[in-house]
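Undergrad: First the structure, then my questions, so here it is.
Nothing in this text is a laboratory measurement; each read-out follows from the coordinates by a stated rule. Note that the coordinates shown come from a computational prediction; the quantities given were computed from them, not determined experimentally. We place every Cβ from the backbone using ideal geometry, glycine too, and count neighbours over all the protein chains shown.
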Amino acid sequence: MRRSFALLWVSQAASALGTSISSLAYPLLVLDLTGSPVQAGLVGGVQAAAALLLKVPGGILADRRPPRALMIAADAVRAAVVGALAVLVLTGAATLPLILAAVALEVAFGTVFGPAEFSLVRSVVPAGERALAVGRMQSRTQLAGLLGPVVGGALYGLSPALPFAADALSYLVSLALVLGVQPPLRTAPAAGERLAGGWRWLRSDPLLLPAGLWVAGLTAVFGAVGLAILVLARERGATPAELGVLFAISTLGGLVGALLTPAIQRRWRPGTVFRAAAVLDTAATLALLPLVSPYAIGVAGAVAFLLAPAVSASLFGALSERCPDHLVGRAQSTLSLVVGAPAPLAPVAIGAAIAASSAPIAIAACAGAFAVLALAAFALPAFRAPGPASHRG
């Protein structure tokens, strides 16, 4: 079981690295092709909209089919899609519709991969360690996010096609490693249980739905401020390589937070994590306003990202502990849907706000949104209730 978990950790670290490399390249490519922050914001909007529409169908599929097979198929298709985009960029044939189509397809198969992976990780980890396993999985994303922007910025500077080629290769590496995972035998749910919905179960839990709605707001604001930082840094003279370093510095805060997450989960209840994160995000976003150096901007971003892994791990760790086996795919995808529901509007809205005013004004608005979330985190009764045992260690 530990070998299977290690293979999953390494395989998805490789995949996350490729995704992190291309995530910087997508908006940069659109900005270079169109010169429009609004159209650059469409990349994030399409990503979020595709996820919003397809998360629940992906979760249903993960509950109906072997998760390992779904993960392998999703990696193969995503490698083909992003590889084809790399060829289009290299030959000068890439257009905005083709870029957005590639984004949508990559996300679509990711919505199948996500709940399948969640289910498979849960099945290879002992029940008492599931919440902490979710926390440990956060470190791989943060490590990839630390290295990815640096590599992506450097590769983009050499050739805009290279980040997408690297992303395609990462999916192939992930696929090869997942082939080595030996999943336990899967017990089919009873006939009467097949119709039980993840949404109905989620509503019955006193913490998860309020927390999911709150994290949805936090996630949307993070998506907005990320694009605002990108535009702000470009306006103030940052090169693609400096942008890569900027986002790498920001992600270093998330990596440190991911390494601390298991200890945070043992000591803090979810509500405590949410309150601390919102207060810290408000202060860090306000600190961006006077900064000019891309490296200083990156340091402020690192502070903002410090507790982001703990927020996600607290939410989905509680889900992993509480959810019945036959609903895990649907419950995970439904909660992910709740968290991602406002996200399609955030990048487009912040792009429009930047075009109508300026990046600093947009960043100030994001700080105000974080402050509102901080007030809500102190006011919501669900956040004051005791969390699962792993949160109270």
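Undergrad: Set the Förster radius R0 to 30 Å, insert the Cβ-Cβ distance between ALA283 and ALA356 as r into 1/(1 + (r/R0)^6), and round the FRET efficiency to 0.05.
TA: After rounding to 0.05, the efficiency reads 0.70.
Undergrad: Also, quick follow-up: Could you calculate the contour length gain from THR91 to PHE378, that is, 0.36 nm times the residue separation minus the distance between their Cα atoms, to one decimal place in nm?
TA: So the chain would gain 98.0 nm between THR91 and PHE378.
Undergrad: In deg cm²/dmol and to the nearest 500, what is the mean residue ellipticity at 222 nm of the chain if only DSSP H runs of at least 4 residues count, each as -39500 (n - 2.57), divided by the residue total?
TA: Numbers: 15 runs with 314 residues, N = 393.
The helix contribution divided over the chain gives -27500 deg cm²/dmol.
Undergrad: OK, next. Would you mind ranking CYS323, CYS366 so that the residue whose beta carbon has the fewest other beta carbons within 10 Å leads the list? Walk me through the numbers before you get to the answer.
TA: Values: CYS323 24, CYS366 28.
Going from least to most buried by this count: CYS323, CYS366.
Undergrad: Would you please report the Å³ per residue occupied by the convex hull of the alpha carbon atoms in segment 1-81?
TA: With only Cα atoms used, segment 1-81 gives 105 Å³ per residue.
Undergrad: Taking every eigenvalue of the Cα gyration tensor of the chain, multiplying by 5 and rooting it, what semi-axes result, largest first, whole Å?
TA: 31, 26, 18
Undergrad: Share of Cα-Cα pairs in segment 198-270 beyond 19 Å, in percent?
TA: 58 percent
Undergrad: Okay, next question. Taking Cα pairs under 8 Å and at least six residues apart, what relative contact order does the chain come out at, in percent?
TA: 30 percent
Undergrad: How much length is gained if the chain between GLN182 and ALA263 is pulled fully straight, taking 0.36 nm per residue apart and subtracting their Cα-Cα distance, in nm to one decimal?
TA: Working it through step by step, the gained length comes to 26.3 nm.
Undergrad: State to the nearest 20 debye the size of the charge dipole of the chain about its Cα centre, where the only charges are +1 on K and R beta carbons and -1 on D and E beta carbons.
TA: Once rounded to the nearest 20, the dipole reads 1180 debye.
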